[in-house]
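Visitor: I'd like to ask you about the structure that follows.
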Amino acid sequence: MAKADIQDSLEKIKTVAKINEGKNLKYSILTMGCQLNENDSEKLSGMMEEMNYIKTDKLSDADLIVFNTCCVRENAEDKLFGKLGEVKKYKEEKGTIIAIGGCMMQEKHIVEKLKQSYPFFDIIFGPHTLAQFPVDLCKILYNRKRIEDILDIDGEIIEGLPIRRDDNVKASVAIMNGCNNFCTYCIVPYVRGRERSREPKDIIEEVKQLAEQGYKEIMLLGQNVNSYLRTEKENNIHFEEYEGVNSFATLLRAVNKIEGIERIRFISPHPKDFTDDVIEAIRDCDKVCKLVHLPLQSGSSEILKAMNRKYSKEQYLNLVEKMKKNIPNLTLSTDIIVGFPGETEENFKDTLDVVEKVNFEQVYMFIYSRRVGTPGDKMKNQISENIKHERFDRLKKLVEKQIELKNMEYINTVQNVLIEGRSKTNENMLTGRTDSNKVVVLEGPDDLIGKVLPLTIISEHMWYLKGKIIK
Ligand code: 5AD
Ligand code: SF4
């Protein structure tokens, strides 16, 4: 597989580090998107720290501010423009360097808007040019001339960038990038390009290194993880089999063997690609969590067709049945969009029906958002904001009722909980997650962090459970 040559970037990291030495410079990074976007932010942070910038959460203290944008839904745009308004004054007062990266920068109309209304930025770069960031930054330090570093073609796989991880217990590992599915509501294929998988060896070695560093949970990331290596196989693109890995199922099995790792999760698989070998791997691998995120998007076959999802309501429900039958203790979470163009009351009722039937552990609900350049945006039968919100509220009510009932079922059960750290909202409590990804808080000492403990669940509070150590 083609890998990007990052030699120039690694050299520029050293150059900038020298320029910055002893200056006590600070950086802030604002991450606005999905877990892949967060993973990119960890790489950007890794590069900035190697270049002698120290992290700060206070934008007013930063000498370098990086926005890592997302464009999957509209609210990310509002957030970016709001924040840019805020940082303008820092640029004027102390010359803060402003860099804007991420998926939104692949959208031409957004870049135009930035140039017109927020022309004070220094660098814009896209997901394909992330590794070039030190090169661009170096240019800015020598000559403050605005840089636009956007590639319209798919970037190559990048290996060997420094990374600064946000967490000590859980780590995410991108296994592929891009998407070939072109769901009609989704901007991702246009901004992240076609599917490209990482070499099995690079993934396995990264996870082994994480295990050695003490990480306990690995999240395998990709826009469509269960088509890992598919494009390569279909197009005869060379890849090296490593430790038996030649598909997503074999990848799960290989990661499961890595000593020190306690839990493996993955997002997101596509229902149409959920082959039996993946179901069997989830069943057989003790470290693979039995919570599977299975994006539904809509429960109506008609809307699913318009969304180009390539499965029907019945096929989704059959898949769920098959998975439940084969994987003991399986739980499911999902993504749902309400108000896709043409969605009738009947269609929406199908979505409610699937939610009733599957009884998801968690539902991530989204109001359909028109994305420029997608087929969905050109559809004539857009749904009014009122109806979208009304349906969203109805779905939310149903989901909350289901979660409440589910939470009650946890009371007095024993759950294996991976302790992740101190609770952000209450320093006296530790926080962790069950296999089914439920947040559990408990009282306990710091040395429990990173351990998987059996806890008795003593109470439930909608978004979290309370647990007690078994004496
Ligand atoms: N509008 C609303 N939700 C969307 N998603 C993707 N594109 C859109 C859109 N245009 C949701 C899908 C996807 C999740 C990551 O975001 O549910 O699974
Ligand atoms: Fe978007 Fe569909 Fe690809 Fe997911 S599978 S990234 S929703 S196009």
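Visitor: Considering only the stretch 310-365, how many residues are among the charged types (D, E, K, R) and farther than 24 Å from Tyr185 by Cα?
Guide: 7
Visitor: A further question follows. Which of the residues spanning the stretch 227-252 are surrounded by 21 or more Cβ atoms within 10 Å (Cβ to Cβ) and not small (Gly, Ala, Ser)?
Guide: Correct list: Tyr228, Leu229, Val245, Phe248, Leu251, Leu252.
Visitor: Hey, another quick one. With of a type in the set (A, V, I, L, M) and over 22 Å from the mean Cα position of the chain (by Cα) as the only criterion, which of Val111, Val72 stands out?
Guide: Result of the check over Val111, Val72: Val111.
Visitor: Select from the stretch 14-39 the residues that are open to solvent by less than 20 Å² (accessible area, probe 1.4 Å) and under 23 Å from Val173 (Cα atoms) and write down the one among them that is farthest from ligand 1 (Cβ to nearest atom).
Guide: In this case the residue turns out to be Ser28.
Visitor: Do any residues in the stretch 352-365 that are over 12 Å from Asp335 (Cα atoms) and open to solvent by 40 Å² or more (accessible area, probe 1.4 Å) have Cβ atoms under 8 Å from those of residues that are within 16 Å of ligand 1 (Cβ to nearest atom) and part of a loop (DSSP other than H, G, I, E, B), where the two are at least six apart or on different chains, and which pairs are they?
Guide: Note: pairs meeting the criteria are Asp353/Gly299.
Visitor: Quick one: count up the residues across the stretch 248-290 that are within 21 Å of the chain's Cα centre (by Cα), outside any strand (DSSP E or B), under 23 Å from Tyr316 (Cα atoms) and not acidic (Asp, Glu).
Guide: Selection size over the stretch 248-290: 13.
Visitor: Also: For the stretch 171-213, which positions are among the hydroxyl-bearing types (Ser, Thr, Tyr) and within 17 Å of Leu229 (Cα to Cα)?
Guide: Ser197
Visitor: Further question on the same structure: May I ask you to list the residues in the stretch 60-81 that are open to solvent by 60 Å² or more (accessible area, probe 1.4 Å) and touching a strand residue (DSSP E or B) at 6+ places or on another chain (Cβ under 7 Å)?
Guide: Asp61, Arg73
Visitor: Within the stretch 336-365, count every residue that is closer than 21 Å to Asn386 by Cα and of a type outside the set (Gly, Ala, Ser).
Guide: Result for the stretch 336-365: 17.
Visitor: Between a first residue in the stretch 316-340 that is more than 16 Å from ligand 1 (Cβ to nearest atom) and a second residue that is part of a strand (DSSP E or B), which pairs have beta carbons less than 7 Å apart while being 6 or more apart in sequence or on different chains?
Guide: Val320/Leu332; Met323/Val292; Leu330/Val292; Thr331/Leu291
The values are calculated or read from the model by the stated rules, or taken from the named source; none is laboratory data. These numbers were taken from a predicted model, which means no experiment stands behind them. Virtual Cβ from ideal backbone geometry, glycine too; neighbours counted across all protein chains shown. To get the accessible areas, we keep the full protein, side chains included, count just its heavy atoms, and leave off ligands, DNA and RNA. Shrake-Rupley method; radii C 1.70, N 1.55, O 1.52, S 1.80 Å.
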